[in-house]
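Undergrad: Take this structure, written in structure tokens, and hold onto it; I'll ask about it next.
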Amino acid sequence: MNQRIIAFDLMRAIMLFLLVAFHAGISFMNSELNPNLWFFKDSSTHIFFDGFLGFVHTFRHPAFFVISGYVTHQMFQKYSWKEVLSKRFKRLFIPMLITIVLMGPVVYILFAQLKGNVEAFSLEVIYPSSEAHPYRVSTIYVWFLYYLLLFSAVHLVLERFAIGAFFRRFKIGVNWFLKTVLILTVLVMGCLMAWQENSLFGDYHLNPAWPSVVGYLVFYIFGIFLANREDALDKIKQFGGLFVILGTVSFVVYSAQGMLVLKEEGNAMRFNYILMISSGLATVFYSFGFLGLALKYYTKQNIIVSYIAKSSYFLYLIHFPILLYFLKISVGFEWNVFIKFFFLLITTCIVSLMLNMIWIKAWRNNPPI
């Protein structure tokens, strides 16, 4: 059970690229953006980015949390709980803290400059204070690490209560995979209903909204559950193609309804039952569908995929301020919206990879993260 699953490497590499593409395109959406999540909207927009980013958003983080739960469970089987906590602390907490303290001010300064704020270097800009951030602290784009820290604590409690053994003994019949996917779907829908949001997304607060945390936590726990079932990966492979088809049907409904709402209200982000249901279904189906296809067809490791997967953590931490810097540059040019997008995507990828190579060389092929 503890051998490396190369399909996870492919998923990490693809989802890292989609993360950069997501951040590169979000300023060009037609929909009004939540100012608490994204602080800038370009003068050039196109509905393509609403659809493309909606597609990327449905499965990127949920699939990551499934993989994280699966892999962390393997760690608990290989190491003592104290060793796992030590590894999680070094791997998650320290990089998160460094990023918040050092990268956070850079991110807020760049956003302030993008909005034309002449006092971009004031304390209120660098460490913004509000009711949501009373201590001038936000998890910004590393909210994912913050959630993983919380989930690791939950995971430790589950391991101490032998939840793995419970999952292995859990009997729900021959169609156990489909039944548990149904349970997962119901839980996700419940979180969205309680939250009055159309889709799951990360909350940057130190006290994030509980439906956001619980919504992603169920994917993480499902990863633990899968790690305790001997035929789990085979089941995911078996239903991968079907789930991608069902996810596509759900996403088409989501997109069609989103276009109607956008046309009528100018904002497809407002809560809508059809959007919530279709988005929730697409999230579950795509997450396991794409994972199933990766497990089925990616059977031989590729050197480029392996390199990007192993470097994904550093690239994730470093890419965001780089992208904002190039976004600030692009604002000064009367470029087509797609030229701006590809400019951001390509330059961010190139510079991030170059810094990654320098980082690896500096640590003699044994970087701390």
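Undergrad: Run the numbers for residue 363 and residue 231: contour at 0.36 nm per residue of separation, minus the present Cα-Cα distance, in nm. Please report the intermediate quantities before stating the final value.
TA: Details: separation 132, 0.36 × 132 = 47.52 nm, distance 3.94 nm.
Contour length minus the Cα-Cα distance gives 43.6 nm.
Undergrad: In a Gaussian network model over the chain where Cα atoms closer than 10 Å are linked, find which of 224, 318, 172 has the largest mean-square fluctuation.
TA: Among 224, 318, 172, the largest mean-square fluctuation in the Gaussian network model of the chain belongs to 172.
Undergrad: Can you give me the C-alpha center-to-center distance between the range 86-109 and the range 292-369, rounded to a whole angstrom?
TA: If we compute the Cα centre of each part, the gap is 18 Å.
Undergrad: To the nearest 500 deg cm²/dmol, what mean residue ellipticity at 222 nm is calculated for the chain from DSSP H runs of n ≥ 4 alone, each contributing -39,500 (n - 2.57), summed and divided by the residues? The partial results should precede the final answer.
TA: Working: 14 runs with 257 residues, N = 369.
After summing the helix terms and dividing by the residues of the chain, the value is -23500 deg cm²/dmol.
Undergrad: By how many nm would the segment from residue 98 to residue 43 lengthen if fully extended, with 0.36 nm per residue of separation less the alpha-carbon distance? Before the final figure, lay out each step's value.
TA: Working: separation 55, 0.36 × 55 = 19.80 nm, distance 3.30 nm.
Stretched fully, the residue 98-residue 43 segment lengthens by 16.5 nm.
Undergrad: What is the order of 254, 220, 297, 204, fewest Cβ neighbours within 10 Å to most? Mind showing how you got there, number by number?
TA: Numbers: 254 29, 220 26, 297 12, 204 18.
The most exposed by this proxy come first: 297, 204, 220, 254.
Undergrad: With springs only between Cα atoms under 10 Å, which of 104, 241, 116 fluctuates most in a Gaussian network model of the chain?
TA: 116
Undergrad: Quick one: net charge of residue 149's neighbours, Cβ under 13 Å, K/R +1, D/E -1?
TA: Working: positive: 87, 88, 90, 91; negative: none.
Residues near residue 149 contribute +4 overall.
Undergrad: Neighbouring Cβ atoms within 10 Å as the yardstick, rank 191, 349 fewest first. Each step should come with its number before you reach the end.
TA: Working: 191 22, 349 19.
Listed from fewest to most nearby Cβ atoms, that is 349, 191.
Undergrad: Take the Cβ-Cβ distance between residue 249 and residue 209 as r, set R0 to 30 Å, and report the resulting FRET efficiency rounded to the nearest 0.05.
TA: Working: r = 29 Å, r/R0 = 0.97.
The pair residue 249/residue 209 has a calculated efficiency of 0.55.
Undergrad: Separate question: When Lys and Arg each count +1 and Asp and Glu each count -1, what net charge do the other residues less than 14 Å away from residue 291, Cβ to Cβ, add up to?
TA: Working: positive: 12, 60, 235, 237, 296; negative: 9, 234.
For residues surrounding residue 291, the net value is +3.
Undergrad: Within the range 62-84, whose backbone N sits under 12 Å from a point 7 Å along Cα→Cβ of residue 90?
TA: The answer is 83-84, whose backbone nitrogens lie closer than 12 Å to the label point.
Undergrad: Tell me the label-point distance for the pair residue 267, residue 242, using the 7 Å Cα-to-Cβ offset, in nm and rounded to one decimal.
TA: Spacing of the two 7 Å Cα→Cβ label points: 4.0 nm.
Bear in mind these aren't lab numbers, they're just calculated from the coordinates by the rules spelled out. Predicted model, so just to flag it, every value in this text is computed and none were measured. Cβ coordinates were reconstructed from backbone atoms using ideal geometry, including for glycine residues, and neighbour counts include every protein chain displayed.
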